[in-house]
Amino acid sequence: MTALIAALAAASVLGGLILLIAGLRKVPPPAPRPTKRRSDTGALTKQWQRATRRQRMALFIGLFAGVAIAAWTGWIIAIVLLPLAAVGIPYLLSAPSTVTRIDRLEAMEEWSRSLAGVLTVGYGLEQALIATLRSTPDAIRPEVSALVARLRARWDTKAALRAFADDLDDPAGDLIAANLYLGASKRGEGLASVLEGLAQSVADTVRARRAVEADRAKPRATAKWVTLITVGVLTLLALNGDYIRPYGSPLGQIILVLLLSMYIGTLLWMRQMAKGEKPPRFVGASVAQRTQS
């Protein structure tokens, strides 16, 4: 009974610290409230759906290992710590989303130049968009495929381009979609030259972001190595029964959770410092909702 109370106390302390760290993080202004309030269960379900198959498997394996270790050694906190470690350590070691965004920017530049070349030949806008699907870079192929599918389904070109901007979810994508939107409205000549200039502008943005990313890579590499060294040291210490024996008591387990929580919070803070903020968008359904509110 004492061990169960200790486990519940440790879980409560760990959850409180995680919520405290989440509350201290800088977040963008909240979106307009929907007419129907979502329950906490619905939010948890959405987070579970966003998780990848690898993350779900890691969570289940960590939970199974935690239960097994708790039953074998009496360390009840393993039921909480191991699932969190199985999901959290790969997150701390993974590359940030900024790297993926730069790759997508390069793909947008290449696609814009390809589209400008097709328009120069004499294709109409819709036919040119469909024709570029074969040469679309892999980084934005799903978004362009969705755009082509909407056009083939007889969507209005302007509505399809607004949805395309939402799929890209990037200010550079908004700029491309906005120029295509104007081209669909005016149906005049010169769109190809505009896209060429736009591609050059995106290329300049890519170079600037790569320079910034090179500076951010230094603290990110430090956080990565600190995480690896920490995991290695904790693994070696866990194999030393004399060293970890004081933490085997209920009070010791609570103290261990506090120490690990503060250390993990520091690693998350280091990762957040090297993350950077996402630039604001100006085209799409989300922007229209903010404008109406």
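Quick one: Karplus J couplings for segment 57-66, per residue in order, coefficients 6.51, -1.76, 1.60, θ = phi - 60°, nearest Hz, x for Gly and Pro?
Per residue, the Karplus-derived 3J(HN,Hα) values read 5, 4, 5, 5, 5, x, 5, 4, 5, x Hz.
Taking only C-alpha pairs under 8 Å that are 6+ residues apart, what is the relative contact order of segment 98-209 in percent?
Numbers: 108 pairs, mean separation 42.9, N = 112.
It comes to 38 percent, rounded to a whole number.
Run the dipole for segment 98-209 about the Cα centre, Lys and Arg Cβ at +1, Asp and Glu Cβ at -1, nothing else charged, and hand back the magnitude in debye, nearest 20. Before the final figure, lay out the partial values.
Values: 14 positive and 16 negative charges, 67 e Å.
For this selection, approximately 320 debye.
Given the Cα-Cα distance of Asp103 and Met262 and 0.36 nm per residue of separation, how much length would full extension add, in nm?
Values: separation 159, 0.36 × 159 = 57.24 nm, distance 3.41 nm.
Contour length minus Cα-Cα distance gives 53.8 nm.
Provide the FRET efficiency to the nearest 0.05 for the Leu228-Val67 pair, computing r from the beta carbons and using R0 = 35 Å. Could you put the intermediate results ahead of the total?
Numbers: r = 26 Å, r/R0 = 0.76.
Given R0 = 35 Å and the Cβ-Cβ separation, E is 0.85.
For segment 98-209, what D do you get in µm² per second when you plug the Kirkwood radius from alpha-carbon pairs into Stokes-Einstein at 20 °C and 1.002 mPa s? Let's see the in-between values first.
Numbers: Rh = 13.7 Å.
Diffusion coefficient, whole number: 156 µm²/s.
Between Val121 and Arg210, what length comes free when the chain is fully extended (0.36 nm per residue of separation minus the Cα-Cα distance, one decimal in nm)? Don't skip to the end; give the middle numbers.
On the way: separation 89, 0.36 × 89 = 32.04 nm, distance 3.32 nm.
Full extension from Val121 to Arg210 adds 28.7 nm.
None of the figures in this text is laboratory data; all of them are computed from the coordinates on show. In this text, all values refer to a predicted model and were calculated from it rather than measured experimentally. Counting neighbours? That spans all protein chains shown, and the Cβs are built from the backbone with ideal geometry, glycine included.
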